[in-house]
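Note sheet for the following structure.
Nothing in this text is a laboratory measurement; each read-out follows from the coordinates by a stated rule. A quick note: this is a predicted structure, and the numbers were derived from the prediction, not measured. In this analysis, Cβ positions are derived from the backbone assuming ideal geometry, glycine residues included, and neighbour counts consider all displayed protein chains.
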Amino acid sequence: MPEDRGTPLLGRIKSSGMAEADEDWQAEWGRHLPARFGKGYDIYALEMEGVGQSIVFRNIPPWEFREGPAKVYCWNGWEARRWFGRVQLTPLKAVVVTSDGQRHELDPVNIVRIGKIIGRWPAEAATS
């Protein structure tokens, strides 16, 4: 059964903080983490490039998030952007500071969803 396969691993986070989705990922044969981090369609993981760890997210509506590490998915009408970093949202401005120190200012109206961190796999790598 698909619910027994673990958490879907849907892409990666590059060292620049850009989050890339695996466009060919399929539930039947796509990669999964061996650990299950909850039920639901909005729970997924992204592998951190070159680190050997994955971060697990749960999608939430933007109005439920204000500040902290997260993945932001934006759509401005002609292109999609996905960033992972320290996020600060206000009604007038959204800022994502990625691990390479780049500051990305976004229009909050363009934020489609936020991926809130709910776990890491393997968990031991989070403390090293």
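On the stretch given as segment 90-103, residues that are touching a Lys or Arg at 6+ places or on another chain (Cβ under 6 Å) and either crowded, with 21+ Cβ neighbours inside 10 Å or not aliphatic (A, V, I, L, M) (or both) total 0.
If the condition is being of a type in the set (Gly, Ala, Ser), farther than 23 Å from residue 96 by Cβ and surrounded by 12 or more Cβ atoms within 10 Å (Cβ to Cβ), then segment 1-57 contributes 6, 30, 35.
The residues on offer are 60, 55, and the sole one that is within 20 Å of residue 16 (Cα to Cα), touching a residue at least 40 places away in the same chain (Cβ under 8 Å) and out of contact with any Ser or Thr (no Cβ under 7 Å at 6 or more places or on another chain) is 55.
Just one of the listed residues (96, 112, 72) is more than 12 Å from the chain's Cα centre (by Cα), without any contact (Cβ under 8 Å) to a residue 60 or more places away in the chain and in a strand (DSSP E or B), namely 112.
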